[in-house]
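The values are calculated or read from the model by the stated rules, or taken from the named source; none is laboratory data. All figures in this text were calculated on a predicted structure; none of them were measured in a lab. A quick note on method: Cβ atoms are made from the backbone with ideal geometry, for glycine too, and the neighbour counts reach across all protein chains shown.
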Amino acid sequence: MTATRKDDHVRLAVAQHQTSQDRRYGAASYTGAFDDVHFPHHALAGTDRAQVGLRTSFAGWTWPVPLYINAMTGGSRRTGEINRDLAIAARETGLAIATGSMSPFLKDPACADTFTPVREQHPGGFVMANINANATPEQARRAIGLLDANALQIHLNTVQETVMPEGDRSFGHWPAAIEAIAQAVDVPVIVKEVGFGLSGRTVTRLACLGVAAADVAGRGGTDFARIENSRRPSRDHAYLEGWGLSTPAALLDARGRGLPLLASGGVRHPLDMARALALGAHAVGVSGPFLTTLVNDGPAALIEQLTAWLDQLTALMTLIGAHSPADLARADIHVTGALREYCVQREIPLPAREEHSR
Ligand code: FNR
(Lines give C-alpha, C1' and ligand atoms only; values in the text may rest on other atoms or scores of the structure.)
Protein backbone atom coordinates (compact mmCIF):
# COMPACT_ATOMS: atom_id res chain seq x y z
CA MET A 1 0.00 0.00 0.00
CA THR A 2 2.72 2.49 1.02
CA ALA A 3 4.88 1.42 -1.92
CA THR A 4 1.97 2.01 -4.31
CA ARG A 5 1.36 5.44 -2.80
CA LYS A 6 5.02 6.38 -3.22
CA ASP A 7 4.93 5.31 -6.88
CA ASP A 8 1.66 7.26 -7.34
CA HIS A 9 3.27 10.39 -5.88
CA VAL A 10 6.12 10.20 -8.37
CA ARG A 11 3.77 9.60 -11.32
CA LEU A 12 1.36 12.38 -10.35
CA ALA A 13 4.09 14.90 -9.46
CA VAL A 14 5.80 14.29 -12.80
CA ALA A 15 2.44 14.71 -14.58
CA GLN A 16 1.92 18.00 -12.71
CA HIS A 17 5.32 19.32 -13.77
CA GLN A 18 5.06 17.85 -17.26
CA THR A 19 2.31 20.27 -18.15
CA SER A 20 4.51 23.11 -16.95
CA GLN A 21 7.68 22.02 -18.79
CA ASP A 22 7.59 25.05 -21.06
CA ARG A 23 7.16 27.18 -17.96
CA ARG A 24 10.40 25.90 -16.52
CA TYR A 25 12.45 28.64 -18.05
CA GLY A 26 9.90 31.30 -17.24
CA ALA A 27 7.83 31.48 -20.43
CA ALA A 28 6.17 34.88 -20.38
CA SER A 29 2.69 33.36 -20.27
CA TYR A 30 3.30 31.88 -16.84
CA THR A 31 3.34 33.96 -13.70
CA GLY A 32 3.83 32.89 -10.13
CA ALA A 33 4.56 34.76 -6.89
CA PHE A 34 8.29 34.76 -7.72
CA ASP A 35 7.46 37.00 -10.70
CA ASP A 36 6.45 39.72 -8.22
CA VAL A 37 10.09 39.87 -7.04
CA HIS A 38 12.31 42.06 -9.24
CA PHE A 39 15.93 43.11 -9.24
CA PRO A 40 15.89 46.77 -10.33
CA HIS A 41 18.53 46.95 -13.04
CA HIS A 42 21.70 48.85 -12.18
CA ALA A 43 23.91 48.86 -15.27
CA LEU A 44 27.12 49.63 -13.38
CA ALA A 45 26.52 47.23 -10.48
CA GLY A 46 28.13 44.22 -12.15
CA THR A 47 31.21 42.54 -10.77
CA ASP A 48 33.79 40.06 -12.13
CA ARG A 49 32.65 36.47 -12.42
CA ALA A 50 35.94 35.31 -10.86
CA GLN A 51 34.95 37.13 -7.68
CA VAL A 52 31.61 35.35 -7.34
CA GLY A 53 31.40 32.30 -5.08
CA LEU A 54 28.38 30.12 -4.34
CA ARG A 55 29.42 28.89 -0.88
CA THR A 56 26.70 29.37 1.76
CA SER A 57 26.94 29.11 5.55
CA PHE A 58 24.10 28.77 8.06
CA ALA A 59 23.26 26.85 11.23
CA GLY A 60 26.92 25.89 11.61
CA TRP A 61 27.14 24.30 8.15
CA THR A 62 28.91 25.37 4.99
CA TRP A 63 27.56 24.05 1.69
CA PRO A 64 29.57 24.47 -1.53
CA VAL A 65 26.46 25.62 -3.41
CA PRO A 66 23.14 27.10 -2.24
CA LEU A 67 21.01 24.47 -4.00
CA TYR A 68 19.75 21.09 -2.76
CA ILE A 69 17.55 18.25 -3.93
CA ASN A 70 14.63 18.32 -1.52
CA ALA A 71 12.78 15.42 0.07
CA MET A 72 10.84 13.17 -2.26
CA THR A 73 10.88 9.47 -2.10
CA GLY A 74 11.80 5.93 -1.05
CA GLY A 75 9.80 2.88 0.00
CA SER A 76 9.35 1.01 -3.29
CA ARG A 77 11.76 -0.61 -5.73
CA ARG A 78 11.23 2.13 -8.31
CA THR A 79 11.66 4.98 -5.81
CA GLY A 80 14.83 3.31 -4.52
CA GLU A 81 16.26 3.60 -8.04
CA ILE A 82 15.16 7.23 -8.17
CA ASN A 83 16.89 7.92 -4.84
CA ARG A 84 20.08 6.34 -6.21
CA ASP A 85 20.01 8.48 -9.36
CA LEU A 86 19.17 11.69 -7.47
CA ALA A 87 22.13 11.03 -5.15
CA ILE A 88 24.48 10.46 -8.10
CA ALA A 89 23.38 13.80 -9.58
CA ALA A 90 23.83 15.53 -6.20
CA ARG A 91 27.31 14.02 -5.81
CA GLU A 92 28.42 15.08 -9.29
CA THR A 93 27.34 18.69 -8.69
CA GLY A 94 28.12 19.15 -4.98
CA LEU A 95 24.51 19.46 -3.86
CA ALA A 96 23.01 18.47 -0.52
CA ILE A 97 20.14 15.99 -0.74
CA ALA A 98 17.21 14.82 1.37
CA THR A 99 15.46 11.46 1.11
CA GLY A 100 11.69 11.28 1.12
CA SER A 101 9.79 10.45 4.28
CA MET A 102 11.35 7.44 5.98
CA SER A 103 8.03 6.28 7.46
CA PRO A 104 8.04 3.25 5.12
CA PHE A 105 11.41 2.18 6.60
CA LEU A 106 10.22 2.80 10.17
CA LYS A 107 7.19 0.58 9.49
CA ASP A 108 9.11 -2.07 7.55
CA PRO A 109 12.91 -2.20 7.83
CA ALA A 110 12.96 -4.49 4.77
CA CYS A 111 12.70 -1.37 2.56
CA ALA A 112 15.87 0.19 4.05
CA ASP A 113 17.62 -0.47 0.73
CA THR A 114 15.34 2.02 -1.03
CA PHE A 115 16.87 4.82 1.12
CA THR A 116 20.47 3.73 1.72
CA PRO A 117 21.58 4.35 -1.91
CA VAL A 118 21.44 8.06 -1.09
CA ARG A 119 24.33 7.73 1.35
CA GLU A 120 26.10 5.03 -0.68
CA GLN A 121 26.17 7.20 -3.80
CA HIS A 122 26.99 10.45 -1.99
CA PRO A 123 29.39 9.28 0.76
CA GLY A 124 30.90 12.69 1.49
CA GLY A 125 27.74 14.67 0.86
CA PHE A 126 25.33 16.51 3.09
CA VAL A 127 22.45 14.04 3.47
CA MET A 128 19.18 14.80 5.25
CA ALA A 129 16.90 12.11 6.64
CA ASN A 130 13.17 12.90 6.60
CA ILE A 131 10.38 11.94 9.00
CA ASN A 132 6.99 13.29 10.06
CA ALA A 133 6.15 14.80 13.43
CA ASN A 134 4.45 11.60 14.59
CA ALA A 135 7.79 9.79 14.82
CA THR A 136 9.17 8.99 18.24
CA PRO A 137 12.66 10.16 19.22
CA GLU A 138 13.80 6.55 18.93
CA GLN A 139 12.45 6.33 15.37
CA ALA A 140 14.13 9.63 14.53
CA ARG A 141 17.46 8.21 15.69
CA ARG A 142 16.92 5.08 13.55
CA ALA A 143 16.20 7.17 10.46
CA ILE A 144 19.35 9.27 11.01
CA GLY A 145 21.43 6.18 11.77
CA LEU A 146 20.40 4.37 8.57
CA LEU A 147 21.81 7.18 6.43
CA ASP A 148 24.49 8.50 8.74
CA ALA A 149 22.55 11.71 8.08
CA ASN A 150 24.03 15.16 8.63
CA ALA A 151 20.64 16.65 9.53
CA LEU A 152 17.06 15.56 10.11
CA GLN A 153 14.13 17.08 8.27
CA ILE A 154 10.73 16.91 9.98
CA HIS A 155 7.92 17.62 7.54
CA LEU A 156 4.64 19.30 8.44
CA ASN A 157 1.86 18.31 6.05
CA THR A 158 -1.56 18.98 7.60
CA VAL A 159 -3.16 19.79 4.23
CA GLN A 160 -1.86 16.62 2.57
CA GLU A 161 -3.00 14.44 5.50
CA THR A 162 -6.43 16.07 5.41
CA VAL A 163 -6.92 15.29 1.74
CA MET A 164 -5.67 11.70 2.13
CA PRO A 165 -8.51 9.31 3.01
CA GLU A 166 -6.07 7.30 5.13
CA GLY A 167 -4.34 10.45 6.45
CA ASP A 168 -3.74 11.56 10.03
CA ARG A 169 -6.36 13.65 11.77
CA SER A 170 -4.48 14.60 14.96
CA PHE A 171 -1.93 17.37 14.76
CA GLY A 172 -2.11 18.99 18.19
CA HIS A 173 0.83 17.03 19.60
CA TRP A 174 3.26 18.11 16.87
CA PRO A 175 4.99 21.05 18.65
CA ALA A 176 5.81 18.88 21.69
CA ALA A 177 6.90 16.01 19.44
CA ILE A 178 9.24 18.28 17.44
CA GLU A 179 10.79 19.57 20.65
CA ALA A 180 11.27 16.04 21.99
CA ILE A 181 12.91 14.86 18.76
CA ALA A 182 15.17 17.93 18.53
CA GLN A 183 16.36 17.26 22.09
CA ALA A 184 16.92 13.55 21.54
CA VAL A 185 18.85 13.45 18.28
CA ASP A 186 22.50 14.35 17.81
CA VAL A 187 22.13 16.14 14.45
CA PRO A 188 20.39 19.48 13.86
CA VAL A 189 16.71 19.45 12.93
CA ILE A 190 15.24 21.31 9.96
CA VAL A 191 11.45 21.66 9.92
CA LYS A 192 9.82 21.94 6.51
CA GLU A 193 6.41 22.15 4.90
CA VAL A 194 5.64 20.11 1.79
CA GLY A 195 4.41 22.90 -0.49
CA PHE A 196 1.94 24.93 1.59
CA GLY A 197 4.46 27.27 3.25
CA LEU A 198 5.59 28.07 6.80
CA SER A 199 4.22 31.40 8.07
CA GLY A 200 6.19 33.84 10.21
CA ARG A 201 4.04 32.79 13.16
CA THR A 202 4.97 29.15 12.62
CA VAL A 203 8.68 29.95 12.36
CA THR A 204 8.51 31.97 15.58
CA ARG A 205 7.06 28.87 17.30
CA LEU A 206 9.67 26.61 15.77
CA ALA A 207 12.46 28.86 17.03
CA CYS A 208 11.34 28.00 20.58
CA LEU A 209 11.35 24.23 19.94
CA GLY A 210 15.09 23.67 19.51
CA VAL A 211 15.00 23.59 15.71
CA ALA A 212 18.13 24.65 13.75
CA ALA A 213 16.53 25.91 10.52
CA ALA A 214 13.20 26.18 8.72
CA ASP A 215 12.50 25.34 5.06
CA VAL A 216 9.43 27.37 4.14
CA ALA A 217 8.48 24.94 1.27
CA GLY A 218 5.71 27.13 -0.08
CA ARG A 219 2.98 27.05 -2.71
CA GLY A 220 3.73 27.49 -6.37
CA GLY A 221 5.24 24.17 -7.40
CA THR A 222 4.22 20.63 -6.51
CA ASP A 223 0.68 20.74 -5.08
CA PHE A 224 0.01 17.82 -2.73
CA ALA A 225 -3.66 18.72 -2.39
CA ARG A 226 -3.93 18.14 -6.13
CA ILE A 227 -1.85 14.96 -6.01
CA GLU A 228 -3.84 13.40 -3.17
CA ASN A 229 -7.13 14.49 -4.77
CA SER A 230 -6.19 12.64 -7.93
CA ARG A 231 -5.77 9.52 -5.82
CA ARG A 232 -9.32 9.63 -4.39
CA PRO A 233 -12.11 8.71 -6.77
CA SER A 234 -14.49 11.43 -5.55
CA ARG A 235 -11.90 14.26 -5.75
CA ASP A 236 -14.12 15.92 -3.16
CA HIS A 237 -11.35 18.06 -1.68
CA ALA A 238 -10.56 19.73 -5.01
CA TYR A 239 -11.29 23.14 -3.45
CA LEU A 240 -8.09 22.79 -1.39
CA GLU A 241 -5.90 22.87 -4.49
CA GLY A 242 -3.89 26.08 -4.42
CA TRP A 243 -4.08 26.35 -0.59
CA GLY A 244 -1.12 27.84 1.23
CA LEU A 245 1.46 30.58 1.32
CA SER A 246 3.61 31.16 -1.73
CA THR A 247 7.32 30.67 -1.17
CA PRO A 248 8.18 34.41 -1.55
CA ALA A 249 5.34 35.39 0.82
CA ALA A 250 6.50 32.82 3.36
CA LEU A 251 10.10 34.03 3.12
CA LEU A 252 9.12 37.66 3.62
CA ASP A 253 6.88 36.73 6.57
CA ALA A 254 9.44 34.41 8.19
CA ARG A 255 12.47 36.71 7.95
CA GLY A 256 13.86 37.87 11.27
CA ARG A 257 11.94 35.29 13.30
CA GLY A 258 15.01 33.74 14.90
CA LEU A 259 15.77 30.85 12.53
CA PRO A 260 17.94 30.54 9.41
CA LEU A 261 15.65 30.00 6.42
CA LEU A 262 15.77 27.66 3.46
CA ALA A 263 13.47 28.15 0.48
CA SER A 264 11.67 25.57 -1.60
CA GLY A 265 8.42 25.22 -3.48
CA GLY A 266 7.83 26.50 -6.99
CA VAL A 267 11.43 27.35 -7.86
CA ARG A 268 11.36 27.14 -11.68
CA HIS A 269 14.75 28.37 -12.84
CA PRO A 270 17.98 30.10 -11.75
CA LEU A 271 16.31 33.52 -11.52
CA ASP A 272 13.84 32.14 -8.94
CA MET A 273 16.85 30.76 -7.06
CA ALA A 274 18.42 34.23 -7.05
CA ARG A 275 15.10 35.77 -5.95
CA ALA A 276 14.77 33.32 -3.03
CA LEU A 277 18.35 34.05 -1.92
CA ALA A 278 17.65 37.78 -2.20
CA LEU A 279 14.62 37.30 0.07
CA GLY A 280 16.91 35.86 2.74
CA ALA A 281 17.08 32.11 2.11
CA HIS A 282 20.50 30.56 2.72
CA ALA A 283 19.86 27.80 0.17
CA VAL A 284 17.15 26.75 -2.25
CA GLY A 285 15.54 23.32 -2.54
CA VAL A 286 13.89 21.85 -5.63
CA SER A 287 11.89 18.63 -5.91
CA GLY A 288 9.28 18.20 -8.65
CA PRO A 289 11.18 19.86 -11.52
CA PHE A 290 14.34 17.81 -10.90
CA LEU A 291 12.32 14.61 -10.53
CA THR A 292 10.64 15.35 -13.85
CA THR A 293 13.99 15.74 -15.61
CA LEU A 294 15.28 12.51 -14.07
CA VAL A 295 12.20 10.46 -14.92
CA ASN A 296 11.84 11.83 -18.47
CA ASP A 297 15.44 12.22 -19.52
CA GLY A 298 17.67 10.27 -17.10
CA PRO A 299 20.48 11.03 -14.65
CA ALA A 300 22.87 12.59 -17.20
CA ALA A 301 20.21 15.15 -18.15
CA LEU A 302 19.67 15.99 -14.47
CA ILE A 303 23.40 16.51 -13.94
CA GLU A 304 23.41 18.78 -16.98
CA GLN A 305 20.45 20.75 -15.61
CA LEU A 306 21.99 21.16 -12.15
CA THR A 307 25.29 22.28 -13.68
CA ALA A 308 23.47 24.79 -15.88
CA TRP A 309 21.48 26.19 -12.94
CA LEU A 310 24.63 26.76 -10.88
CA ASP A 311 26.41 28.31 -13.85
CA GLN A 312 23.48 30.63 -14.53
CA LEU A 313 23.11 31.58 -10.87
CA THR A 314 26.77 32.63 -10.92
CA ALA A 315 26.10 34.67 -14.09
CA LEU A 316 23.09 36.39 -12.50
CA MET A 317 25.08 37.22 -9.36
CA THR A 318 27.82 38.65 -11.59
CA LEU A 319 25.42 41.01 -13.33
CA ILE A 320 23.68 41.98 -10.07
CA GLY A 321 27.05 42.47 -8.36
CA ALA A 322 26.62 39.94 -5.53
CA HIS A 323 29.82 38.15 -4.54
CA SER A 324 28.12 35.47 -2.43
CA PRO A 325 24.62 34.26 -1.54
CA ALA A 326 24.89 36.34 1.67
CA ASP A 327 25.71 39.37 -0.48
CA LEU A 328 22.71 38.63 -2.69
CA ALA A 329 20.51 38.87 0.42
CA ARG A 330 21.49 42.57 0.54
CA ALA A 331 20.77 43.24 -3.14
CA ASP A 332 18.26 45.83 -4.27
CA ILE A 333 14.88 44.17 -4.80
CA HIS A 334 11.45 45.47 -5.62
CA VAL A 335 8.22 43.66 -4.72
CA THR A 336 5.09 44.22 -6.81
CA GLY A 337 1.58 42.90 -7.46
CA ALA A 338 -0.27 40.41 -5.31
CA LEU A 339 2.84 39.68 -3.25
CA ARG A 340 3.20 43.36 -2.32
CA GLU A 341 -0.52 43.59 -1.52
CA TYR A 342 -0.27 40.52 0.70
CA CYS A 343 2.65 42.02 2.62
CA VAL A 344 0.90 45.38 3.06
CA GLN A 345 -2.33 43.79 4.30
CA ARG A 346 -0.51 41.47 6.69
CA GLU A 347 1.86 44.23 7.84
CA ILE A 348 4.86 42.20 6.71
CA PRO A 349 7.83 44.57 6.28
CA LEU A 350 8.91 44.93 2.66
CA PRO A 351 12.66 45.01 2.02
CA ALA A 352 13.74 48.57 2.87
CA ARG A 353 15.75 50.51 0.27
CA GLU A 354 18.20 51.76 2.91
CA GLU A 355 19.33 48.17 3.52
CA HIS A 356 20.57 47.81 -0.03
CA SER A 357 24.25 47.85 -0.63
CA ARG A 358 23.98 48.47 -4.37
C1 FNR B 1 7.62 15.51 -2.10
N2 FNR B 1 7.80 16.28 -0.93
C3 FNR B 1 8.06 15.64 0.26
N4 FNR B 1 8.46 16.35 1.36
C5 FNR B 1 8.78 15.72 2.51
O6 FNR B 1 9.18 16.40 3.45
N7 FNR B 1 8.68 14.36 2.62
C8 FNR B 1 8.28 13.59 1.56
O9 FNR B 1 8.23 12.37 1.67
C10 FNR B 1 7.95 14.23 0.35
N11 FNR B 1 7.54 13.50 -0.73
C12 FNR B 1 7.47 14.11 -1.97
C13 FNR B 1 7.27 13.33 -3.12
C14 FNR B 1 7.29 13.90 -4.36
C15 FNR B 1 7.12 13.05 -5.57
C16 FNR B 1 7.47 15.32 -4.50
C17 FNR B 1 7.52 15.99 -5.85
C18 FNR B 1 7.63 16.09 -3.37
C19 FNR B 1 7.71 17.75 -0.96
C20 FNR B 1 8.98 18.43 -1.40
O21 FNR B 1 10.05 18.17 -0.52
C22 FNR B 1 8.79 19.95 -1.55
O23 FNR B 1 8.56 20.53 -0.28
C24 FNR B 1 7.64 20.31 -2.47
O25 FNR B 1 7.56 19.40 -3.51
C26 FNR B 1 7.77 21.68 -3.09
O27 FNR B 1 8.91 21.77 -3.94
P28 FNR B 1 8.81 21.71 -5.55
O29 FNR B 1 8.39 20.35 -5.94
O30 FNR B 1 7.79 22.75 -5.95
O31 FNR B 1 10.20 22.03 -6.01
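Exactly one condition in (1) out of contact with any helix residue (DSSP H, G or I) (no Cβ under 9 Å at 6 or more places or on another chain); (2) modelled with pLDDT of 95 or more; (3) not aromatic (Phe, Trp, Tyr) is not met by Ala27; state its number.
Status for Ala27: all satisfied but (2).
Report the residue count in segment 192-217 for those that are within 16 Å of the ligand (Cβ to nearest atom) and in contact with an Asp or Glu (Cβ under 7 Å, 6 or more places away or on another chain).
Here the count works out to 5.
Does segment 227-245 include one or more residues that are within 13 Å of the ligand (Cβ to nearest atom), modelled with pLDDT of 95 or more and among the hydroxyl-bearing types (Ser, Thr, Tyr)?
No, there is no match, as no residue in segment 227-245 is within 13 Å of the ligand (Cβ to nearest atom), modelled with pLDDT of 95 or more and among the hydroxyl-bearing types (Ser, Thr, Tyr).
Applying the selection to segment 105-132, what residues are assigned to a helix (DSSP H, G or I) and either on the phi > 0 side of the Ramachandran plot or surrounded by fewer than 24 Cβ atoms within 10 Å (Cβ to Cβ) (or both)?
Of the residues in segment 105-132, the ones assigned to a helix (DSSP H, G or I) are 105-107, 109-114, 117-121.
Residues satisfying the conditions are Leu106, Lys107, Pro109, Ala110, Cys111, Ala112, Asp113, Pro117, Arg119, Glu120, Gln121.
Looking for whichever is closer than 30 Å to Arg201 by Cα, buried (at least 20 other Cβ atoms within 10 Å of the Cβ) and modelled with pLDDT of 95 or more here; the options are Leu328, Leu313, Leu306. Which one fits?
After applying the criteria, what remains is Leu328.
Under the condition of being of a type outside the set (Lys, Arg) and surrounded by fewer than 17 Cβ atoms within 10 Å (Cβ to Cβ), which residue from segment 4-13 is farthest from the ligand (Cβ to nearest atom)?
Thr4
Quick test of your reading of the structure: Asp236 fulfils all but one of (1) surrounded by fewer than 16 Cβ atoms within 10 Å (Cβ to Cβ); (2) within 29 Å of Pro349 (Cα to Cα); (3) among the charged types (D, E, K, R). Name the failing condition by number.
(2)
Mind counting the residues in segment 81-138 that are out of contact with any His (no Cβ under 9 Å at 6 or more places or on another chain), more than 30 Å from Ser57 (Cβ to Cβ) and of a type in the set (S, T, N, Q)?
Residues flagged as out of contact with any His (no Cβ under 9 Å at 6 or more places or on another chain), more than 30 Å from Ser57 (Cβ to Cβ) and of a type in the set (S, T, N, Q) within segment 81-138 amount to 3.
Given (1) on the phi < 0 side of the Ramachandran plot; (2) in contact with a strand residue (DSSP E or B) (Cβ under 8 Å, 6 or more places away or on another chain); (3) in contact (Cβ under 8 Å) with a residue 24 or more places away in the chain, identify the lone condition not met by Thr79.
(2)
Name, by its number, the condition in (1) more than 21 Å from Leu313 (Cβ to Cβ); (2) modelled with pLDDT of 95 or more; (3) within 14 Å of the ligand (Cβ to nearest atom) that does not hold for Ala87.
The failed condition is (3).
Working carefully through the options Leu339, Leu277, Leu302, Leu319, find the one that is farther than 28 Å from Ser101 by Cβ, under 20 Å from the mean Cα position of the chain (by Cα) and among the hydrophobic types (A, V, I, L, M, F, W, C). If you could, list the steps in order and put the result at the bottom.
Numbers: Leu277 fails: farther than 28 Å from Ser101 by Cβ; Leu302 fails: farther than 28 Å from Ser101 by Cβ; Leu319 fails: under 20 Å from the mean Cα position of the chain (by Cα).
Going through Leu339, Leu277, Leu302, Leu319 in turn, the sole match is Leu339.
Just checking, which of Ile144, Ile178, Ile154 is assigned to a strand (DSSP E or B), buried (at least 18 other Cβ atoms within 10 Å of the Cβ) and at pLDDT 95 or above? Can you show your working first?
Details: Ile144 fails: assigned to a strand (DSSP E or B); Ile178 fails: assigned to a strand (DSSP E or B).
Among Ile144, Ile178, Ile154, only Ile154 is assigned to a strand (DSSP E or B), buried (at least 18 other Cβ atoms within 10 Å of the Cβ) and at pLDDT 95 or above.
Given the structure, is Leu198 in a loop (DSSP other than H, G, I, E, B) and without any contact (Cβ under 8 Å) to a residue 40 or more places away in the chain?
Working: in a loop (DSSP other than H, G, I, E, B): yes; without any contact (Cβ under 8 Å) to a residue 40 or more places away in the chain: no.
The answer is no for Leu198.
Looking at the structure I just gave you, is Ser230 surrounded by fewer than 19 Cβ atoms within 10 Å (Cβ to Cβ) and without any contact (Cβ under 8 Å) to a residue 40 or more places away in the chain? It would help to see each step written out before you state the result.
Details: surrounded by fewer than 19 Cβ atoms within 10 Å (Cβ to Cβ): yes; without any contact (Cβ under 8 Å) to a residue 40 or more places away in the chain: no.
No, not satisfied.
Working only within segment 287-304, note down all residues that are part of a helix (DSSP H, G or I) and within 13 Å of the ligand (Cβ to nearest atom). Spell out how you get there, then give the answer.
Quick first cut of segment 287-304, residues part of a helix (DSSP H, G or I) only: 288-297, 299-304.
Hits for segment 287-304 are Gly288, Pro289, Phe290, Leu291, Thr292, Thr293, Leu294, Val295.
Within segment 246-286, how many residues are touching a strand residue (DSSP E or B) at 6+ places or on another chain (Cβ under 7 Å), within 12 Å of the ligand (Cβ to nearest atom) and part of a loop (DSSP other than H, G, I, E, B)?
3
What about Arg257, is it more than 12 Å from the chain's Cα centre (by Cα), among the basic types (Lys, Arg) and at pLDDT 95 or above? Full working, then the answer.
Numbers: more than 12 Å from the chain's Cα centre (by Cα): yes; among the basic types (Lys, Arg): yes; at pLDDT 95 or above: yes.
It is true that Arg257 is more than 12 Å from the chain's Cα centre (by Cα), among the basic types (Lys, Arg) and at pLDDT 95 or above.
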